[in-house]
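The values are calculated or read from the model by the stated rules, or taken from the named source; none is laboratory data. Nothing here was measured: the structure is a model prediction, and the numbers come from that model. Every residue, glycine among them, receives a Cβ derived from its backbone with ideal geometry; neighbour counts consider all protein chains shown. Surface areas here come from the heavy atoms of the whole protein model, side chains and all, with no ligands, DNA or RNA. Shrake-Rupley method; radii C 1.70, N 1.55, O 1.52, S 1.80 Å.
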Amino acid sequence: MVYTVTAMFITKTEKIIADKFIKDGYIILKVEDSKRLRKLQNFIVKSISKNTKNKKSNLDILNSYYMNKRNKDLNQSRLRIYNNINNNQNFRKDFYFLAKHGLDAIVGNELVMQNKINLSIQNPNDHSSLLNMHADTWSGDSPYEVVVWLPMVDAYKSKSMYILPAKYLKKFQKIFLKNQSNQKYLYSKLKKYFHWLEIKFGEVLIFNQTLPHGNIVNKVNETRWSLNCRFKSIFSPYEDKKLGEFFEPITIKPATKIGLKYKLPS
Amino acid sequence: MKLKLRGYITSRKFFDERVPQSVQNLVIREFCKKINANYLLSATEYYMKNNHSILKKIIRDDLNKNINGIVAYSIFQLPDEYFSRKKILSEILKKNKIICFALENKIIKNLEDSENIQLIWEIKKKTIISNNFISKLKMYV
Ligand SMILES: [Fe+2]
């Protein structure tokens, strides 16, 4: 697919971000506020361990989580922490501010944000929390959306995720048409083109969810913890994920507020 | 032993109806509770029109495992065309598995049940055609 860009009244930094995002389908940035990041990580650590006298660092507690949690009980714990996160009033706001300028450059500055932040916990050798290769648009997300993916630990190799860069989309289309219901076939044919993302704690990934992506069984001897959430421009088209039930506005500007209320004098 | 059923929902409209994915899952969850089955996380069908790749994948991969069948949100998520539906239903039954439809409260265990589903489908199709016809007719009255 060829993307053509017309109006370009943007700063140098925005251009670097935009070009990289279009070419590769993702960008990894430093989080914009490390205090907020710590706050989110502390919140999660407190959700799993009430023992405040624990001498271990947050990273150690999260990475070694698999040692005390059997894979079979993992989803129940994940749901409990997910509910804690989404019942917290400030969590989403803090999350947004970690990637605000990146989102400004890629999506815009009047945004809707997914109502719920997703949490993924992947223990080593756990087959139950796999996300097969997919694009979010295949299950009703709008192609105008991006995903912000935030690791709570260092993510690398199979402890991370993969994505197919935009330049391989034509190849993908051909292969997909041949056998779209066979994930194993698709994965094996496309494997060589994937980018495996290495994202350290302290960095944030923004990616194009229309590109095929996914993860495999985590073979690294550490648990992966990551959060993800979708953003799109308020007035861009919606597909199955609707305003209200899935997204809510987070940055409505004054001119839009005025416009929404405006009536011609009569 | 408790039945283990794989959930199946759709991300697109069917017969011009749209049900949020979260609501489809709720209905499925309630249904499973009622029939005392274990509900395994739903797979979501592709957004592309007339595509049933995910349903086919479940039949091919999941039904070979220790899973007793599928629990779909509605019978109207099956393919639009009679023979494609028949093929899907009979493949499930051939594997000695079942398919349930949560909204319509139906469990398909044999050929007779599956013919019943086909009948409901065909009636629905015909009523849509006749509703369209009647609304056109009204323009002349
Ligand atoms: Fe995804």
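Relative contact order of chain A: 32 percent, from C-alpha pairs under 8 Å at least 6 residues apart in sequence.
Here the accessible area of chain A is 54 percent carbon and sulfur, with a 1.4 angstrom probe and all protein chains present.
The length gained on full extension between B:Lys2 and B:Lys49, counted as 0.36 nm times the residue separation minus their Cα-Cα distance, comes to 13.4 nm. The heavy atoms of B:Met139 offer some 140 square angstrom of accessible surface to a 1.4 angstrom probe.
Available extension along the chain between B:Glu30 and B:Asn131 is 33.2 nm, counting 0.36 nm per residue and deducting the alpha carbon span. Accessible surface comparison of A:Arg38, A:Arg224, A:Arg70, probe 1.4 Å, protein chains only, largest first: the order is A:Arg70, A:Arg38, A:Arg224. If you bin all the Cα-Cα distances of the protein assembly as shown at 20 Å, starting from zero, the percentages per bin are 23, 53, 22, 2, 0.
If you look for lysine pairs in region A:22-123 that are eight or more places apart or on different chains, how many of them have Cα atoms under 14 Å apart?
Numbers: A:Lys30/A:Lys100; A:Lys35/A:Lys93; A:Lys39/A:Lys93; A:Lys46/A:Lys55; A:Lys46/A:Lys56; A:Lys93/A:Lys116.
Qualifying lysine pairs in region A:22-123: 6.
Counting only protein heavy atoms and a probe of 1.4 Å, the accessible surface of region B:43-111 is 51% carbon and sulfur.
With 24 Å as the limit, write out which pairs from A:Lys159/B:Lys57; A:Lys242/B:Lys56; A:Lys178/B:Lys57 have Cα-Cα distances beyond it, or answer none.
Values: A:Lys159/B:Lys57 26 Å; A:Lys242/B:Lys56 27 Å; A:Lys178/B:Lys57 14 Å.
Going by Cα-Cα distance, A:Lys159/B:Lys57; A:Lys242/B:Lys56 fall outside the 24 Å limit.
Chains B and A: what accessible area do they bury, summed, in square angstrom to the nearest 100, with a 1.4 Å probe?
On the way: alone 8800 and 15060 Å², together 22580 Å².
In total, this chain pair buries about 1300 Å².
So which residues in region A:199-243 end up with at least 40 square angstrom less accessible surface once the other protein chains are there, compared with the chain by itself, probe 1.4 angstrom? Listed in order, they are A:Asp240.
Mind ranking A:149-160, B:102-113, A:22-33, B:125-136 by how tightly packed they are, going by the mean number of other C-beta atoms within 10 angstrom, highest first?
Working: A:149-160: 21.8, B:102-113: 15.2, A:22-33: 17.9, B:125-136: 10.3.
Ranked by mean Cβ neighbours within 10 Å, highest first: A:149-160, A:22-33, B:102-113, B:125-136.
So, for region B:4-138, what is the accessible surface per residue at a probe of 1.4 Å, expressed in square angstrom?
54 Å²
Interface residues of region B:18-34, defined as a loss of at least 30 Å² in heavy-atom accessible area between the chain alone and the complex of all protein chains with a 1.4 Å probe, are B:Arg18, B:Gln21.
Just to confirm, what accessible area per residue do you get for chain A at 1.4 Å probe, in whole Å²?
Accessible surface, normalised per residue, equals 54 Å².
If R0 is 51 Å, the Cβ-Cβ spacing of A:Leu79 and B:Glu115 corresponds to a FRET efficiency of close to 0.80.
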